[in-house]
Amino acid sequence: MLAKEKPETFIEKCLRDVSCISKIDEYIDAFHEGGFTGEIHEFLGMTPKEYEMFLHSESALLLIVYNRKKKPDVIRGRGTLSTTIIKGSGSESSRSRSKSSAKKISR
């Protein structure tokens, strides 16, 4: 007997076509309509941490997809998504520079 093929998740589709991100509400509606016995993050193809990030900010979806493409080991539990985003973008150092520049100007 052949195993039933697992349907492609939302994140898997977004990895092929990033414009899929705009269809997140359709996937969430499909989950709530039934037929899936797991957790919603599994249905969407996210880790629990990724789903938590998405709940805080829908714009996290783009970062989740970006990190999946660039750093697939993060998704397998060898790091955290948030630190990878900060390290990958250099935003932490620019924020630090901005704060110190602001202090100099205000004095």
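The values are calculated or read from the model by the stated rules, or taken from the named source; none is laboratory data. Here the structure is a predicted model, which is why all the values come from computation and not from measurement. In this analysis, Cβ positions are derived from the backbone assuming ideal geometry, glycine residues included, and neighbour counts consider all displayed protein chains.
One table, with the values for the structure above:
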quantity: Meets criteria (at pLDDT 90 or above, β-branched (Val, Ile, Thr) and part of a helix (DSSP H, G or I)) for ILE11; calculated: yes
quantity: Set ASP29, ASP17: member being farther than 16 Å from LYS69 by Cβ and over 12 Å from the mean Cα position of the chain (by Cα); calculated: ASP29
quantity: Conditions (1) loosely packed, with under 12 Cβ neighbours inside 10 Å; (2) on the phi > 0 side of the Ramachandran plot: number failed by HIS32; calculated: (2)
